[in-house]
Amino acid sequence: MNLNKNQKIAAETSDRICCVLAGPGTGKTLTITAKIIHLLEKGVSPKEIAALTFTQKAAIEMKQRVITNLRQEKNLPFIGTFHLLCLKLLREFLSDREKHFQICTRTKQKEIISAIHKKNVDRIIEKITNFKNTNTPLDEKILPIYEKYEEKKKELNLLDFDDLLLKTLELVNKKQIPALFSHIIIDEFQDINKIQYALIKGLLKENGYLTVFGDPDQAIYSFRGSEIELFLELPKDFPDLTLINLSLNYRSQKNIIEASNKFITANTKRFSKKIESTREQKSPIILFEVEDEYEEAKTILREIKQRLGATDFTELYKNKEETSCSFSSFAVLTRTNNQLKIIKDCLDKEGIPVKTIKKDTEHWTSKITKKITDAIVNYSDKLFTNMPLQSFIESSNLYEELSNTEIFILSNIAKTYKDGKLIEQIQALIDELTSLTPVDLFPENINAVSLLTLHSSKGLEFPVVFIAGFDEGLIPYTLTSDTDIEEERRLFYVGMTRAMDELILIHSRQRLINGKKITLPVSSFLKDIPEEYVIKKVRQNRAGPKQKALF
DNA sequence: GTGGAGCACTTTTTT
DNA sequence: AGTGCTCCAC
């Protein structure tokens, strides 16, 4: 593995408590992978190591990389989500009477809650989750619902996702689960909450090694209980903490790195960190001002077409290798989901393929199940010719149709595939699918323009990034009262740093929000980006009356 | 059990 | 504007 100086230090240090500041595009996953492999090569037993993530996607990516590097997949350390680790520990350490619980999924949660109280089911679940994770008190109306919910779960022998962690922590505190790991590695540490933090401490052996990777400037999930303070107060909690800064960014050109570096210094809750681009300077950030959301969509369409340099899109499908950029080079990011609809419609109409994250759990589960079932049935024919699975995936259209997560699962199923038992295999597969999330199923390999919220863009990168709705009110989002302006700034920072070559912001003078036509000024975040990094382009509505530009 | 009127609500999302 | 829900009539 080819590591730069600080990546190597982070991977090989034998300091006991380390915090690796891993800004956007600095090779975090590579470094974590290197660290795991380094420990194994040093002779640390896999059983002594746990690498924890918050999402399955991250876990799968990391595991895949470790497997690729080790060229084997036996005797791996635990690499997975906090929830999976807790699930395994509970199955191992709970009493025989208790250990046979089932997981209370979101669907089941909704079912139980709505039997108690029909209205605002989602909000109630959110409140309960918040209460369990952060001790945010429950008001009088929700408390009895919560109590009945807990009772019902007990009756049905269910544990919800929060319970997995809480129950494990309880056993750890009662010493019924011993400290198990001498090396714990945490990914995306800025997303941690108090429960998870306590859990890590309880599972780490005395004088064990802890390395956390993350970036406080990308903490965007406080609304679901993450506490950036836990990251920022690490030096207090561990006076012997070693800070390592991954300072080289391999993703974005200089303008984007410098502009985002300066932008984020407007925040106070952070560690100062240095990030340098390894890439040549390219064009500055472009800011368009347009009339309304339809002009916004048309601007995106026009800019995409211009960069594709083709009007006949069927040609682009055929000659992918010959063009420097394709549909998948572009992403459109917005603060809210519903802003994406008009943009999607506009691109759809012009024959530009788009991909979005589907939120409809029931539908995709059955659809994907069918897709993978078909794939396995197809593959079983190919078994006669001994065609390796990877070649099969690449030669079929599956590579484009399936997300990376699906391919991973398919590979696993196929590996254990034996003649006869197809139905059982698929049954097992369906069990795995129920734990997948919309993001896991985002078809990364399909050649289409990505339409995403700023939140769901985290971790991704694109040559050309549009951030639409750069309007005060949406960015930062202040249409409801309890805005955390620093978190909103971090969210925009995440958006900016998705861009490799070009960042294009679009502000619309007017917009329909909740059925009302409103006029918003350009985002107040504009003033936090030094002027020399931005080119402003005003597009007047030709038909309409002349309006004074807002900047 | 269905369909339509009436009403409320409207940020972000993982396990 | 658009969605999702309840409630009531059939």
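The values are calculated or read from the model by the stated rules, or taken from the named source; none is laboratory data. Here the structure is a predicted model, which is why all the values come from computation and not from measurement. Reconstructed Cβ throughout: ideal geometry from the backbone, glycine too, with neighbour counts over all protein chains shown.
Which of the residues spanning the range A:454-465 are surrounded by fewer than 19 Cβ atoms within 10 Å (Cβ to Cβ) and in contact with a strand residue (DSSP E or B) (Cβ under 8 Å, 6 or more places away or on another chain)? Result: A:Leu460, A:Glu461, A:Pro463.
Candidates are the residues of the range A:102-149 that are in a loop (DSSP other than H, G, I, E, B) and within 15 Å of DNA strand B (Cβ to nearest atom); the one that is nearest to A:Ala198 (Cα to Cα) is A:Thr136. With respect to the conditions (1) of a type outside the set (Ser, Thr, Tyr); (2) more than 16 Å from DNA strand C (Cβ to nearest atom); (3) buried (at least 17 other Cβ atoms within 10 Å of the Cβ), A:Pro137 lacks only one, and its number is (3).
Residues checked against (1) modelled with pLDDT of 90 or more; (2) within 16 Å of DNA strand C (Cβ to nearest atom); (3) more than 14 Å from A:Val464 (Cβ to Cβ):
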{"position": "A:Ile275", "(1), (2), (3)": "yes, no, yes"}
{"position": "A:Lys282", "(1), (2), (3)": "yes, no, no"}
{"position": "A:Ile304", "(1), (2), (3)": "yes, no, no"}
{"position": "A:Gly309", "(1), (2), (3)": "no, no, no"}
{"position": "A:Asp312", "(1), (2), (3)": "no, no, yes"}
{"position": "A:Tyr317", "(1), (2), (3)": "no, no, yes"}
{"position": "A:Phe327", "(1), (2), (3)": "yes, no, no"}
{"position": "A:Leu340", "(1), (2), (3)": "yes, yes, yes"}
{"position": "A:Thr356", "(1), (2), (3)": "no, yes, yes"}
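Considering the range A:434-516, the qualifying strands (runs of 3 or more DSSP E), each wholly inside and each with 1 or more residues that are near DNA strand B (Cβ under 10 Å from one of its atoms), run over A:449-453, A:510-513. Of the residues making up the range A:458-505, just one is within 16 Å of DNA strand C (Cβ to nearest atom) and free of Cβ contacts under 8 Å to residues at least 12 places away in the same chain, namely A:Thr480. Can you find a residue that is within 30 Å of A:Ile128 (Cα to Cα) and not in a strand (DSSP E or B) anywhere in the range A:239-257? No, the range A:239-257 contains no residue that is within 30 Å of A:Ile128 (Cα to Cα) and not in a strand (DSSP E or B). Number of residues in the range A:36-59 that are assigned to a helix (DSSP H, G or I) and either within 16 Å of DNA strand C (Cβ to nearest atom) or closer than 13 Å to A:Ala11 by Cβ (or both): the value is 6. The residue of the range A:521-548 that is modelled with the lowest pLDDT, among those that are farther than 28 Å from A:Ser252 by Cβ and surrounded by 12 or more Cβ atoms within 10 Å (Cβ to Cβ), is A:Gln547. When we screen A:Ala10, A:Ala59 for residues that are in contact with a strand residue (DSSP E or B) (Cβ under 6 Å, 6 or more places away or on another chain), aliphatic (A, V, I, L, M), assigned by the TED database to the domain that holds A:Lys201 and over 30 Å from A:Asp162 (Cα atoms), the only hit is A:Ala10. None of A:Leu210, A:Leu199, A:Leu248 is within 12 Å of A:Ile17 (Cα to Cα), hydrophobic (A, V, I, L, M, F, W, C) and either at pLDDT 95 or above or not assigned by the TED database to the domain that holds A:Tyr533 (or both) except A:Leu210.
The single condition among (1) touching a residue at least 12 places away in the same chain (Cβ under 8 Å); (2) surrounded by fewer than 22 Cβ atoms within 10 Å (Cβ to Cβ); (3) touching a Lys or Arg at 6+ places or on another chain (Cβ under 8 Å) that A:Lys517 does not satisfy is (1). In the set (1) surrounded by 12 or more Cβ atoms within 10 Å (Cβ to Cβ); (2) more than 12 Å from DNA strand B (Cβ to nearest atom), A:Lys154 fails one condition alone, (1). Checking each residue in the range A:159-191 for being within 16 Å of DNA strand B (Cβ to nearest atom), touching a residue at least 60 places away in the same chain (Cβ under 8 Å) and either in a helix (DSSP H, G or I) or under 20 Å from A:Ala58 (Cα atoms) (or both) picks out A:Phe161, A:Leu164, A:Leu165, A:Lys167, A:Thr168, A:Ile186, A:Asp187, A:Glu188, A:Phe189, A:Asp191. Taking the range A:280-311 as the range and being among the β-branched types (Val, Ile, Thr) and in contact with a strand residue (DSSP E or B) (Cβ under 6 Å, 6 or more places away or on another chain) as the test, the residues that pass are A:Ile285, A:Ile286, A:Val290, A:Thr299, A:Ile300, A:Ile304. Residue by residue through the range A:509-529, note down the ones that are more than 16 Å from DNA strand C (Cβ to nearest atom) and within 26 Å of A:Lys458 (Cα to Cα). Hits for the range A:509-529 are A:Val522, A:Ser523, A:Ser524, A:Phe525, A:Leu526, A:Lys527, A:Asp528, A:Ile529. Looking at the structure I just gave you, is A:Glu98 more than 20 Å from the chain's Cα centre (by Cα), away from DNA strand C (no atom under 16 Å from the Cβ), loosely packed, with under 14 Cβ neighbours inside 10 Å and over 21 Å from A:Gly459 (Cβ atoms)? Yes: the conditions hold for A:Glu98. Has the range A:65-75 got at least one residue that is assigned to a helix (DSSP H, G or I), within 16 Å of DNA strand C (Cβ to nearest atom) and either under 18 Å from A:His183 (Cβ atoms) or touching a strand residue (DSSP E or B) at 6+ places or on another chain (Cβ under 7 Å) (or both)? Checked the range A:65-75: no residue is assigned to a helix (DSSP H, G or I), within 16 Å of DNA strand C (Cβ to nearest atom) and either under 18 Å from A:His183 (Cβ atoms) or touching a strand residue (DSSP E or B) at 6+ places or on another chain (Cβ under 7 Å) (or both).
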